[in-house]
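Everything on this sheet refers to the single structure shown next.
The values are calculated or read from the model by the stated rules, or taken from the named source; none is laboratory data. Treat the numbers as computed from the prediction; the structure is a model and nothing was measured. All Cβ positions, even for glycine, are placed from backbone atoms using ideal geometry, and neighbour counts span all protein chains on display.
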Amino acid sequence: MNIIGHQANIDRLTRFADKRALPHGFLFFGPEGVGKKQVALGLARYLEAGTFTVPPPDFLKAKEATSFRMPLGDRLLILPDETGKIGIDEVRRIRYFLSQRPNRSPYRVLILDEAERLTREAEHALLKITEEPPEAGILILIARDPELLLPTITSRLAPLYFSLVPQAQVQEWLRGELLLNAKEAARFTKDSLGAPGLAVRLFSDKRFQRRLLLAEEFLALRDRKEIIKKILQPDDFNFGTFLDALILCLAREEFSSAKRALWHELLELRGNESYFNLNPRIQLTALGTSL
């Protein structure tokens, strides 16, 4: 599956890869859903197979989905667990993975998605890896905002910014890759604000769609007691992912000074949620008073 946008970043990465001059650590940062993880996966694929492609989304039952394989074990993708955190055990796994020699790729590529979800203990453990990076390893941290990570970590990583993709490109990509009609492609492009990953989730992820509807309802109502109960009701409720939905919904609106203040409050709360055991009911009630 082709990657949409970010050609300048891809060209830069492939030039370094061809010269075997890639830094030992990168920080891919920028808005959610714009393709940071896809480019990281594409780089790993390029190093192993010489092609900058990624597997299609899980819901596409195409032959390509089963033909895309990285059997040699030179790439490891770390994601937050079911609680939305990345803990110390995952950092131990990272250390072990990077300590091994690559098979066919010149590097072992470790991709840490949503790095802002690291616990404080895990973040300090990861710092030790960035201080003494392995010779044949590349560590790619993916985050929305570098300020959500320890400065001592980010200072040791090469920053690479990923912007929103022009909406005309997203719309064309949705029609070509996902076979959406023109009306559907235009709607999902507009709702995703130029983030292809969000457009795919808006199209395919029913849980994500329900979460957005609840977030919209939370932002619109005056009396939020009942909607807060409804939000917290599912057994798989995750406060961090609901904050993401609120942030996305707010981004679609025109920003007054009050909305801008709420935006910053949500971003700060999203960062703190990784480190502190926050009570979602209390936090949502407090947010309601800011609206």
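Scanning region 242-291 for residues that are modelled with pLDDT under 75 and among the hydroxyl-bearing types (Ser, Thr, Tyr) turns up Ser256, Ser257, Ser274, Tyr275, Ser290.
Residues being assigned to a helix (DSSP H, G or I) and touching a strand residue (DSSP E or B) at 6+ places or on another chain (Cβ under 8 Å) are entirely absent from region 16-34. Free of Cβ contacts under 8 Å to residues at least 40 places away in the same chain and either closer than 22 Å to Pro166 by Cβ or hydrophobic (A, V, I, L, M, F, W, C) (or both), is that true of Phe208? Yes; evaluated as a whole, the condition is true for this residue. Being closer than 30 Å to Ala286 by Cα, surrounded by fewer than 19 Cβ atoms within 10 Å (Cβ to Cβ) and within 18 Å of the chain's Cα centre (by Cα) is not true of Asp235. Among residues of region 116-139 being buried (at least 21 other Cβ atoms within 10 Å of the Cβ), under 21 Å from the mean Cα position of the chain (by Cα) and touching a residue at least 60 places away in the same chain (Cβ under 8 Å), the one that is farthest from Lys37 (Cα to Cα) is Leu118. Of all the criteria given as (1) in the same structural domain as Asp145 (by TED's automatic domain parsing); (2) surrounded by 19 or more Cβ atoms within 10 Å (Cβ to Cβ); (3) not hydrophobic (A, V, I, L, M, F, W, C), the one not satisfied by Ser155 is (2). Among the residues of region 264-274, not a single one is farther than 23 Å from Leu148 by Cβ and in contact (Cβ under 8 Å) with a residue 12 or more places away in the chain. Restricting Ile94, Ile78 to those that are under 17 Å from the mean Cα position of the chain (by Cα) and hydrophobic (A, V, I, L, M, F, W, C) reduces the list to Ile78. Of all residues in region 145-195, exactly one satisfies the criterion of being among the polar types (S, T, N, Q), touching a residue at least 40 places away in the same chain (Cβ under 8 Å) and touching a Lys or Arg at 6+ places or on another chain (Cβ under 9 Å), namely Ser192. When region 211-228 is limited to residues that are assigned to a helix (DSSP H, G or I) and in contact (Cβ under 8 Å) with a residue 40 or more places away in the chain, the one that is nearest to Asn279 (Cα to Cα) turns out to be Ile228.
Every test in (1) within 17 Å of Asp113 (Cα to Cα); (2) at pLDDT below 90 is passed by Glu177 save one, and that test is (1).
For region 159-180, name all the residues that are part of a strand (DSSP E or B) and crowded, with 16+ Cβ neighbours inside 10 Å. Correct list: Leu160 only. Among the residues of region 120-145, those identified as within 23 Å of Ala21 (Cβ to Cβ) and either in contact with a Leu (Cβ under 8 Å, 6 or more places away or on another chain) or not assigned by TED's automatic domain parsing to the domain that holds Ser105 (or both) are Ile129, Thr130, Pro133, Pro134, Gly137, Ile138, Leu139, Ile140, Leu141, Ile142.
If you go through region 85-104 and keep only what is charged (D, E, K, R), touching a residue at least 12 places away in the same chain (Cβ under 8 Å) and farther than 20 Å from Leu47 by Cβ, you end up with Lys85, Glu90, Arg92, Arg93, Arg95.
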